[in-house]
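Have a look at the structure below before the remarks.
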Amino acid sequence: MKPIVDKFNRQIKDLRISITDKCNFRCPYCMPADVYKKDYRFLTHSQLLRYEEIERIARIFTGLGVRKIRITGGEPLLRVGIENLVGLLSEIEDLEDLTLTTNGYLLKKKAKSLRDAGLKRLTVSLDSLDDEVFKKLNGTEFSVNKVLDGIYEAEICGFKPIKINVVVQRGINDESIQEMIGFFKERGHIIRFIEYMDVGNINNWKPEDVFSAEEIRQRIEDRFPIEPADPGGEGGVAERYLLKDGTGEIGIIASITRPFCIGCTRMRLSLDGRLYTCLFAQKGTDLKGPLRASASDEEIMDIIRNIWKVREDHYSELRAEILKKGFSKNKIEMFRIGG
Ligand code: SAM
Ligand code: SF4
Ligand code: SF4
């Protein structure tokens, strides 16, 4: 089958699926507590794609060349029966990589059943090992230990290495960088430091809050000598470094200061069945409607092909220009299409 490419000759290779908009955290950079209050109306169950529908879409995507799927959210472990979805997706023959991103809070309870269902890889988000900083960053009173317990359980169940995502914000958790490396390299996990991004419209992002990739690298080097690793593996998103003492690997994701749109091969499926071609998109295309109106696989494939063929997103490369003209206010929120 001829691969489909977009306007910049990028092939479609991976799919990110958000399966819920609910979350037990209120990270200010994603779902600020003053916006997502107790009375906030999240989508109802019937508005969400069912697991069988997600599986069908995933199979169609693998028919179009997708080899990697990440399950995310919101907090994916909050969705009832998540193991059933993992089971369905892990049986897709052509899928080479199935992974999931979680805040880790429910991982102690869920690690074994996820592993048994066929999940091979896991990313846990944790922005600091300092309880006070962590609470500020998760917008709740939940402490670091709860996430660490989840990570330990996941290790026991065979998830190793685990990727640890750290969003770095200037003056908030940049002081946590070195401590986190010291801690996780001993356990054989891979930390990925992520530049704070202007996703969605409500996190009040400011350029000066970004602790840049270069600053992150420098802060690491101040204590842990590193050297660039061979590119590859991650599909070009993370800049990879090896610790010179041979104890592991670190990734830096420079979405703001060194955009990688040219290598962006990702489609995103929202919890309610819309397709988005960029994390910063303002508009998606409905797939749930056709799916529930009995469209054939070939018809769904055509919809996907037609979306991808005209794709010309490269927001991160245009960010400076866009911001100069004033914020674009109608971006989709990250938890709906998955980080
Ligand atoms: N709830 C899960 C979690 O936190 O891991 C999965 C969904 S979350 C939206 C996915 C990833 O996006 C997390 O690693 C989170 O830290 C990251 N993220 C959220 N908002 C971000 C922002 N403004 N800039 C950079 N990364 C962000
Ligand atoms: Fe929840 Fe993850 Fe967003 Fe934090 S980053 S609010 S844990 S979805
Ligand atoms: Fe991909 Fe859009 Fe991010 Fe560029 S800005 S890397 S096109 S998701």
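The values are calculated or read from the model by the stated rules, or taken from the named source; none is laboratory data. These numbers were taken from a predicted model, which means no experiment stands behind them. We place every Cβ from the backbone using ideal geometry, glycine too, and count neighbours over all the protein chains shown. Accessible surface is based on the protein model in full, side chains and every heavy atom, while ligands, DNA and RNA are left aside. Shrake-Rupley method; radii C 1.70, N 1.55, O 1.52, S 1.80 Å.
Some values worked out for this structure:
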| quantity | calculated |
| --- | --- |
| Distance between modelled label sites at Ile156 and Ser296, nm, 7 Å Cα→Cβ extension | 5.1 |
| Unit charges on C-beta of K, R, D, E only; dipole of the stretch 185-339, Debye | 480 |
| Ellipticity estimate at 222 nm from DSSP helix runs (n ≥ 4, -39,500 (n - 2.57)) divided over the chain, nearest 500 | -9000 deg cm²/dmol |
| Estimated FRET transfer efficiency when R0 is 25 angstrom, pair Lys109-Arg187 (beta carbons, to 0.05) | 0.80 |
| Sites Arg121 and Asn24, calculated FRET efficiency, Cβ-Cβ separation with R0 25 Å, nearest 0.05 | 0.65 |
| GNM result for the chain, Cα springs below 10 Å: residue of Ile19, Ile262, Ile226 fluctuating most strongly | Ile262 |
| Residue list for the stretch 124-156, given a label point 7 angstrom along the Cα-to-Cβ vector of Ala229 and an amide N cut-off under 19 Å | 124-126, 155 |
| From phi via Karplus (6.51, -1.76, 1.60), per-residue ³J(HN,Hα) for the stretch 8-13 in Hz, x at Gly/Pro | 9, 6, 8, 7, 7, 10 |
| Fluctuation leader among Leu323, Leu49, Leu85 - the chain, Gaussian network, Cα springs under 10 angstrom | Leu323 |
| Karplus-derived 3J(HN,Hα), 6.51/-1.76/1.60, for each residue of the stretch 52-59, Hz, glycine and proline x | 5, 5, 4, 4, 4, 4, 4, 5 |
| Highest-fluctuation residue, Arg50, Arg192, Arg70 considered, GNM on the chain with Cα pairs under 10 Å | Arg50 |
| Average projected area [Cα convex hull, the stretch 216-339], square nanometres | 10.3 |
| Kirkwood-based shape ratio for the stretch 254-313, expressed as Rg/Rh from alpha carbons | 1.04 |
| Pairwise Cα inverse-distance average, inverted: Kirkwood Rh of the stretch 168-268 (Å) | 14.4 |
| Vicinal HN-Hα couplings computed from phi for the stretch 205-214 (Karplus, 6.51 cos²θ - 1.76 cosθ + 1.60; Hz; Gly/Pro x) | 4, 9, x, 5, 7, 6, 8, 6, 3, 5 |
| Approximate spin-label separation Lys244-Glu208, in nm, with each point projected 7 Å along Cα-to-Cβ | 3.5 |
| The chain - Cys residues lacking any other Cys C-beta under 4.7 Å | Cys23, Cys157, Cys261, Cys264, Cys278 |
| Extension gain (nm, one decimal) between Arg56 and Glu179, 0.36 nm per residue minus Cα-Cα | 40.0 nm |
| For the chain, size of Cβ-based charge dipole, Lys and Arg +1, Asp and Glu -1, in debye | 820 |
| Cut-off under 5 Å, modelled amide H: who pairs with Arg192 long-range | Ile164, Asn165, Val166, Gly251 |
| Cα-Cα pairs of the stretch 1-97 separated by more than 20 Å (percent) | 48 |
| √(5λ) per eigenvalue of the Cα gyration tensor, the chain, largest first, Å | 30, 23, 21 |
| Fraction of accessible area attributable to carbon and sulfur, the stretch 70-157 (%, probe 1.4 Å) | 47 |
| The stretch 211-226 and the stretch 1-78: distance between their alpha carbon centers, rounded to Å | 32 |
| Those residues of the stretch 242-278 whose amide nitrogen sits under 11 Å from the label point placed on Ile322, 7 Å along Cα→Cβ | 278 |
